[in-house]
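J.: Take this structure first; my questions come after.
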Amino acid sequence: MKKITILGSSGSIGIQTLDIVSKMRDIVCVKGLAVGSNIEILKSQIKKFKPEAVSLSNSVDAQKLKEWCISNNFKTDVYSGDNGLEKLVTMPKIDMVIAALVGAGGLKSTIAAIKAKKDIGIANKEVLVMAGNYIMNLVSENGVSILPIDSEHSAIFQCCTDEKKSQIKRIILTASGGPFYRYNKDFSKITVEQALAHPTWKMGKKITIDSATLMNKGFESIEASILFGVPIDKVEVIIHPQSIVHSMVEYIDGSVIAQLSNPDMRLPIQYTLTYPERLRSNIKALNLTEIGKLEFYKPDFNKFPCLKLAYLAAKKGYTMPAVMNASNEIAVAAFLNKEIKFTDIAEIINMTIKSHRISENISLKTILEADSWARQSANKIINNQYTNK
Ligand code: MN3
């Protein structure tokens, strides 16, 4: 029996993870659940999964939930804040933490989980973007496994089980392209509503905007480079609108291995939970003759400057990816708030990373300093130069 804690259980990955768990309760059991503020979803999850402990962002919500648990006879411990997350990931009983928070907010709890020697199912890609090498060092020091939940990285993981990493020539990361890869109108006029309408995947708002700008693919390139130990130059993004080939690995002998399935996040989530075993699933069987054709295109780096910026930040390394990630979070929030234009997102990131002085001394402290410096700078840029309100 694998015992898990899910951080971000009210989000898209969290909900789908629980859906998988409910179908294999003899294999996986949920001990801890953490959400931001979605108390109603958490209540229904407590009823169904009876976790030993849960956590919410703020203490007022936690207090309300505590009273609800008592009056409904649930013996669930209720925590809040960073402390609560730490409690959930360090519970002695659990084996694995599903890190499915969004953004930099998941960094500390992921680190705490690794230090408590828990295996990690990683969906919170920003953690690897901002502190990739630091995290991978901790992973090896503590002898834990970090398994990718993201569909592309799960694909790559499945394509390179036996071969040596030194024999990888190239990782080919596929991208659906988001809603705008064929869009020929003025990108600066793209509205929040248009950007939130993703053609293939239904996800949270932040990642949906990242998918529309292709920043998500930039993050995933960095994530692939970190997880599989290959330089960023060896990770190539290609647009594949059907989202059937989830990614590929090319070896030095010219062989290319791909993983295919209908697009359904429950497959990589299930594999993370059952690895190294494979179990039956309810996922719609792949029918290639029905699909007919699979297309592949080069991404347009001029239309999608965020992708270029992510590669640039990865090449600079050290604190630069953390700065790129933080300025992206600020810019995306401002776009969702209708304070800036779609095209301003890349400009704000560009201005922030250009004015950053890299620290080559990497520690959790310098990473967090770079992160908060970037948030302040990006906010300053928005307040001074972008007031379209
Ligand atoms: Mn993905």
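J.: Which distance in Å, rounded to a whole number, links the C-alpha centroids of the stretch 17-74 and the stretch 226-293?
T.: The distance from the Cα centre of the stretch 17-74 to that of the stretch 226-293 comes to 31 Å.
J.: Among Val127, Gly103, Trp68, whose Cα lies farthest out toward the positive end of the dipole of the stretch 2-148, if unit charges sit on the beta carbon of Lys, Arg (+1) and Asp, Glu (-1)?
T.: Checked the options; the winner is Trp68.
J.: If eta is 1.306 mPa s and T is 10 °C, what Stokes-Einstein diffusion coefficient results for the stretch 227-338, Kirkwood Rh from Cα pairs, in µm²/s?
T.: D, rounded to a whole number, is 91 µm²/s.
J.: I'd like to compare 355-364, 301-310, 376-385: which one has the highest average count of other Cβ atoms within 10 Å, and what's the full order after that?
T.: Most protected by this proxy first, the peptides run 301-310, 376-385, 355-364.
J.: So how far apart, in nm, are the two label points at Ser140 and Ile39 if each is 7 Å from Cα heading toward Cβ?
T.: If labels sit at Ser140 and Ile39, their model points lie 4.6 nm apart.
J.: Could you work out the helix-only [θ] at 222 nm for the chain, with each DSSP H run of four or more residues adding -39,500 (n - 2.57) and the total divided by the number of residues, to the nearest 500 deg cm²/dmol?
T.: It lands at -14500 deg cm²/dmol.
J.: Of Thr200, Pro231, Pro276, which is farthest towards the positive pole of the chain's charge dipole, taken about the Cα centre with +1 and -1 on the beta-carbons of Lys, Arg and Asp, Glu respectively?
T.: It is Thr200, whose Cα lies furthest towards the positive end.
J.: Let me ask you something else. Using Cα-Cα distances under 8 Å and only pairs 6 or more residues apart, what relative contact order does the stretch 317-389 have, in percent? List each step's numbers first, then the result.
T.: Numbers: 82 pairs, mean separation 35.8, N = 73.
Relative contact order of the stretch 317-389: 49 percent.
J.: Would you please classify the overall shape of the chain from the alpha carbon gyration tensor, given that a ≥ b ≥ c denote the square roots of the eigenvalues, rounded means a/c under 1.5, and beyond that prolate means a/b larger than b/c while oblate covers the rest?
T.: Rounded, because the longest to shortest axis ratio a/c is under 1.5.
J.: Contact order normalised by length for the stretch 57-203, with contacts defined as Cα pairs under 8 Å and 6 or more residues apart; what percent is it?
T.: Computed value for the stretch 57-203: 14 percent relative contact order.
J.: Rounded to the nearest 20 Debye, what is the dipole magnitude of the stretch 262-369 about its Cα centre when Lys and Arg each give +1 and Asp and Glu each give -1 at the C-beta?
T.: About 180 debye.
J.: Let me ask another. For the stretch 317-389, what is the number of Lys pairs with C-alpha distance below 21 angstrom, counting only pairs 8 or more positions apart or on separate chains?
T.: Close lysine pairs under the 21 Å cut-off: 7.
J.: Net charge near Leu368, counting Lys/Arg +1 and Asp/Glu -1 over other residues with Cβ under 11 Å of its Cβ?
T.: The answer is +1.
J.: Leaving out same-chain residues fewer than 8 places away, which aspartates and glutamates sit with a Cα under 12 Å from that of Lys50?
T.: Asp77
J.: Suppose every K and R has +1 on its Cβ and every D and E has -1 on its Cβ; what is the size of the dipole of the chain about the Cα centre, in Debye to the nearest 20?
T.: 540 debye
J.: Find the relative contact order for the chain and round it to a whole percent, using C-alpha pairs within less than 8 Å whose residues are 6+ positions apart. Mind dumping the intermediate values first?
T.: Details: 694 pairs, mean separation 55.8, N = 389.
Averaging sequence separation for qualifying contacts and normalising by length gives 14 percent for the chain.
Any read-out appearing in this document is the output of simple, stated calculations on the displayed coordinates, not a laboratory observation. Quick caveat: nothing in here was measured; it's all calculated off a predicted structure. For neighbour counting, all protein chains shown are included, and Cβ atoms are generated from backbone atoms with ideal geometry for every residue, glycine included.
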